[in-house]
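The values are calculated or read from the model by the stated rules, or taken from the named source; none is laboratory data. On a predicted model such as this, the values are computed, not experimentally measured, just so you know. Glycine gets a Cβ as well: all are built from the backbone with ideal geometry, and neighbour counts include every protein chain shown. We work out accessible area using only protein heavy atoms, side chains counted, and drop any ligands, DNA or RNA first. Shrake-Rupley method; radii C 1.70, N 1.55, O 1.52, S 1.80 Å.
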Amino acid sequence: SAAPSVVTPPRLAATDRPSPDTASATVTLTHFGTAAVTFLWEPVAPLPQPFAPQRACDPNGLTLSRRSGCLLPGETADFTVTFAPRVPGLASSEWQLRTEPPLASAPVRLTATAMCTPCDETGAERDALADALAESEKM
């Protein structure tokens, strides 16, 4: 029976600037079955998020490096989830593994979450002003 499984979940670091800065994490799929299996990672439609802006395609900058292929018994495949945000905010994507022959186990899902914070262009100036104000209060 074919039994691929995901052995390590992806972990993405936060970034403080929209693209071109990116973060990435790799997940490994291992085939423990006895027959060749073809696979396809299908995107899972996200649940509607109240108060979240609605965007057309690839709203959150999360992409999966490889979506389909074939695994022989004992083989592993690495997949890289890349976070390249265009705007600050939280991002989440989920993919479900479809195989042929179908898995007898529960569905395998890959979920990636990441966060991009707005870049603070005035941090150094603000710190200098705070220091100057603190110094003037001492006098």
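Can you confirm whether segment 96-118 contains a residue that is part of a helix (DSSP H, G or I) and either of a type outside the set (A, V, I, L, M, F, W, C) or open to solvent by less than 50 Å² (accessible area, probe 1.4 Å) (or both)? No, the conditions are met nowhere in segment 96-118.
When you look at A45, is it over 22 Å from A23 (Cα atoms), at pLDDT below 75, of a type in the set (A, V, I, L, M) and exposed (fewer than 12 other Cβ atoms within 10 Å of the Cβ), yes or no? When the stated conditions are applied, A45 does not pass them. Close contacts from segment 71-92, counting a first residue that is closer than 14 Å to G33 by Cβ and a second that is among the hydroxyl-bearing types (S, T, Y) and assigned to a strand (DSSP E or B), with Cβ to Cβ under 6 Å and a gap of 6+ residues or different chains, come to T76/T28; T76/T30. If we keep just the residues of segment 68-85 that are farther than 15 Å from T28 by Cβ and within 14 Å of the chain's Cα centre (by Cα), which is surrounded by the most Cβ atoms within 10 Å (Cβ to Cβ)? Residue satisfying both the conditions and the ranking: F83. Screening G33 on (1) modelled with pLDDT of 80 or more; (2) touching an Asp or Glu at 6+ places or on another chain (Cβ under 8 Å) shows it passes everything except condition (2).
Give me a count of the residues in segment 93-124 that are among the acidic types (D, E) and either within 26 Å of F32 (Cβ to Cβ) or modelled with pLDDT of 80 or more (or both). Residues in segment 93-124 being among the acidic types (D, E) and either within 26 Å of F32 (Cβ to Cβ) or modelled with pLDDT of 80 or more (or both): 2 in total. Scanning segment 52-70 for residues that are modelled with pLDDT of 90 or more and not polar (S, T, N, Q) yields G69, C70.
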